[in-house]
1. Every residue in the range 58-72 that is assigned to a loop (DSSP other than H, G, I, E, B) and open to solvent by 100 Å² or more (accessible area, probe 1.4 Å), please.
2. Going through the range 3-24 one residue at a time, which ones are closer than 12 Å to His109 by Cβ and loosely packed, with under 14 Cβ neighbours inside 10 Å?
3. Provide a single number: the residues in the range 25-39 that are over 7 Å from Val76 (Cα atoms), touching a residue at least 12 places away in the same chain (Cβ under 8 Å) and either open to solvent by 60 Å² or more (accessible area, probe 1.4 Å) or part of a helix (DSSP H, G or I) (or both).
4. Quick one: is Ala106 small (Gly, Ala, Ser) and either in a strand (DSSP E or B) or within 18 Å of Arg18 (Cα to Cα) (or both)?
5. Given the condition surrounded by 15 or more Cβ atoms within 10 Å (Cβ to Cβ) and of a type in the set (A, V, I, L, M), answer yes or no: does some residue in the range 83-105 qualify?
6. Does the range 42-57 include one or more residues that are open to solvent by 80 Å² or more (accessible area, probe 1.4 Å) and either assigned to a strand (DSSP E or B) or of a type in the set (Ser, Thr, Tyr) (or both)?
7. Out of Arg89, Arg80, report the one residue that is touching a residue at least 40 places away in the same chain (Cβ under 8 Å), among the charged types (D, E, K, R) and assigned to a strand (DSSP E or B).
8. Taking the range 52-111 as the region of interest, how many residues are under 12 Å from Met1 (Cα atoms) and among the hydroxyl-bearing types (Ser, Thr, Tyr)?
Amino acid sequence: MAFSATHRFARISARKVRPLADMIRGKFADDALDMLRYQSQRGARMLEKVLRSALGNAQDPDQNPGHTVRVDRLVVVDARVDPGPMFKRIRPRARGMAFGILRRMAHIHVTLQDINEI
């Protein structure tokens, strides 16, 4: 059974979080948390929160009735960062011109699965 968590409309560019998602994909969940803990990027904190939420979903008895999940056997099977909508702003420039500014957002998705089910 797969357990997932999502952070939608995260106020960070997807391009900044994707290398971190690539880094943890395919790793054990506890190893991925250790890897993210020592990264200095702001996106690592967001990805770490989503990963912790997916671990919490795996331990929730309402989502997994009748089964106990060992956290040390969960693997990150899917960690992806999709682009979200953009805030469009205008920066005034010289001689009456205006340049556009795109404030980007991201949707962060993490899916965990037991090693025996892969």
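1. Step one: list which residues in the range 58-72 are assigned to a loop (DSSP other than H, G, I, E, B), which gives 60-70.
Passing the criteria: Asp62, His67, Thr68, Arg70.
2. Arg8
3. Initial filter on the range 25-39 (over 7 Å from Val76 (Cα atoms)): 30-39.
With the extra rule that they be touching a residue at least 12 places away in the same chain (Cβ under 8 Å), the set shrinks to 30, 32-33, 35-36, 39.
From what is left, the residues that are either open to solvent by 60 Å² or more (accessible area, probe 1.4 Å) or part of a helix (DSSP H, G or I) (or both) are 30, 32-33, 35-36.
Count: 5.
4. Details: small (Gly, Ala, Ser): yes; either in a strand (DSSP E or B) or within 18 Å of Arg18 (Cα to Cα) (or both): yes.
It is true that Ala106 is small (Gly, Ala, Ser) and either in a strand (DSSP E or B) or within 18 Å of Arg18 (Cα to Cα) (or both).
5. From the range 83-105, those surrounded by 15 or more Cβ atoms within 10 Å (Cβ to Cβ) are 84, 104-105; that's our starting set.
Filter once more, so that each one left must be of a type in the set (A, V, I, L, M): 105.
Looking through the range 83-105, at least one residue is surrounded by 15 or more Cβ atoms within 10 Å (Cβ to Cβ) and of a type in the set (A, V, I, L, M).
6. Pass one, the range 42-57, residues open to solvent by 80 Å² or more (accessible area, probe 1.4 Å): 42, 45, 49, 52.
Then keep just the ones that are either assigned to a strand (DSSP E or B) or of a type in the set (Ser, Thr, Tyr) (or both); that gives none.
Scanning the range 42-57, I find no residue that is open to solvent by 80 Å² or more (accessible area, probe 1.4 Å) and either assigned to a strand (DSSP E or B) or of a type in the set (Ser, Thr, Tyr) (or both), so the answer is no.
7. On the way: Arg89 fails: touching a residue at least 40 places away in the same chain (Cβ under 8 Å).
Result of the check over Arg89, Arg80: Arg80.
8. The total comes to 2.
The values are calculated or read from the model by the stated rules, or taken from the named source; none is laboratory data. All figures in this text were calculated on a predicted structure; none of them were measured in a lab. FYI the Cβ positions are ideal-geometry reconstructions off the backbone, even for glycines, and counts take in every protein chain you see. These area figures cover heavy atoms from the full protein model, side chains too; ligands, DNA and RNA do not enter into them. Shrake-Rupley method; radii C 1.70, N 1.55, O 1.52, S 1.80 Å.
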